[in-house]
Structure formats: C-alpha cells, structure tokens
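The structure appears below as structure tokens.
The values are calculated or read from the model by the stated rules, or taken from the named source; none is laboratory data. None of these values were measured; they are calculated from a predicted model. So basically every Cβ, Gly included, is an ideal-geometry build from the backbone, and we count neighbours across all protein chains shown.
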Amino acid sequence: MDIVIRELAVGDENMWRNIDDSFTVDFALVLSSSGGEFKFTVKPITPGYTKSYSEEQFKEAEDEDYSEYIDNSDQIVYLAWAENQVAGRVVLKRNWNKYALVEDIAVDKNYRGHGIGRKLIEQAKRWAKNGGMPGIMLETQSNNVNACKFYKSCGFVIGGLDHYLYQGIYKNSNEIAIFWYLIFE
C-alpha cells in the first residue's frame, strides 16, 4: 500500500473528518513506578466496549477550524493518504514548554496495521526537530492499550499520570491520563 504524508492544504479541512478512530476497550494498563520510571502490565476489562473520540461529547473539538494550522510555523496538521483517501492525521503545535504537542493522532480503523501511525510519528519528529524542539509529548488513556504499546514502540516514555482528568466527562471513570514523551538526544 502506497502511503503519502503531506501537510493540510486549503480545501483539505473537511476531508479528514470521516476517519473512523474507534477502538475496542477490552484491556487496561496497570501502572507502577519504580526509581522514577513508569512501567505497566495489562489486565482484561469485561465486558469490553467500543470507544471513539468522535463521540458526541467530543464534537466541539471535531468542529474546530484547522485552517489556522495552514502555513503556521507553530502548528501544523499532516494527513496520511492511502488509496486516494485520507487514512490518518496528526495535529501538532509548539507547546508552551517548547515540546511539540501531539494534539491529535488517528489512523482510520480500516487502515491500521499498515505503518501509517509510524509514518505520522516520523513526520512529527521531523517537524519538531526542524523547529528546534527538544522532543514530542502527547496524552492518551490507560484503556487505549494498543496506542500505549504503539507509543512505547516508537521510543516514547511515560512522564506522568493524571487520575482525575477524565472524571469531568465520566464521573466514575477509571481512565488514567498518561503523558508520554519522546525526548530527542
């Protein structure tokens, strides 16, 4: 499969909104810390369920105008194209702490397993390095196990946790926000 990564351009703003970002939640991370280093194991969740960040409570973020990311040195959107379709995206910005912040990364469910996510991370690394940033940071949840394993395989390490971040959305949530960092040497 031929995959092309390119910047968001005028006219692309709505082409990537149909990405199916859903995933099955049937495992969660069990996190521990020793000597300043976080580690995790995986435990099953029953019953499993499907989660999507395009759900109703996230509609305001989905409706955001990304045209301001075009030709902006402090923020950018890259689209992954496969078979003449948008198959993935990564939204980046220069964060207040000088790191490149991945605001969003998604690969359409139908295109996972073809290296698109890795190509998006590689493009994010190039953008951050070219911008003189010391690394990349992002956040995901303890119940997005495949994403966590993917970030670890890309060289990210866990820098911190937040047990309360998602309780504003889901009052009895057991989700833990995990902050991942890829620090350039």
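Considering each residue of segment 96-118 in turn, at least one proves to be over 27 Å from Y170 (Cα atoms), of a type in the set (S, T, Y) and touching a strand residue (DSSP E or B) at 6+ places or on another chain (Cβ under 8 Å). State which residue pairs qualify: first residue within 18 Å of E103 (Cα to Cα) and inside segment 154-178, second residue surrounded by fewer than 13 Cβ atoms within 10 Å (Cβ to Cβ) and among the aromatic types (F, W, Y) in any location, beta carbons under 9 Å apart, and separation of 6 or more residues or different chains. Matching pairs, first to second residue: A177/Y164. Would you check if there is a residue in segment 176-184 being surrounded by fewer than 17 Cβ atoms within 10 Å (Cβ to Cβ) and out of contact with any strand residue (DSSP E or B) (no Cβ under 7 Å at 6 or more places or on another chain)? Looking through segment 176-184, none of the residues is surrounded by fewer than 17 Cβ atoms within 10 Å (Cβ to Cβ) and out of contact with any strand residue (DSSP E or B) (no Cβ under 7 Å at 6 or more places or on another chain).
Every listed requirement among (1) of a type outside the set (V, I, T); (2) at pLDDT 95 or above; (3) surrounded by fewer than 16 Cβ atoms within 10 Å (Cβ to Cβ); (4) out of contact with any Asp or Glu (no Cβ under 9 Å at 6 or more places or on another chain) is met by H114 save one, (3). Taking segment 1-98 and the strands (runs of 3 or more DSSP E) fully enclosed by it, no element has 1 or more residues that are more than 24 Å from D162 (Cβ to Cβ), aliphatic (A, V, I, L, M) and more than 20 Å from the chain's Cα centre (by Cα).
Of the residues making up segment 98-110, those that are in contact (Cβ under 8 Å) with a residue 60 or more places away in the chain and more than 23 Å from D65 (Cα to Cα) are K109, N110. Within segment 102-111, the only residue that satisfies the criterion of being over 15 Å from Y53 (Cβ atoms) and either hydroxyl-bearing (S, T, Y) or crowded, with 20+ Cβ neighbours inside 10 Å (or both) is Y111.
Across segment 3-56, the number of residues qualifying as in contact (Cβ under 8 Å) with a residue 60 or more places away in the chain, small (G, A, S) and farther than 20 Å from Q141 by Cβ comes to 1. Given segment 120-183, what strands (runs of 3 or more DSSP E) lie entirely inside it while holding 2 or more residues that are farther than 17 Å from I105 by Cα? Once the strands (runs of 3 or more DSSP E) in segment 120-183 are filtered for at least 2 residues that are farther than 17 Å from I105 by Cα, what remains is 157-162.
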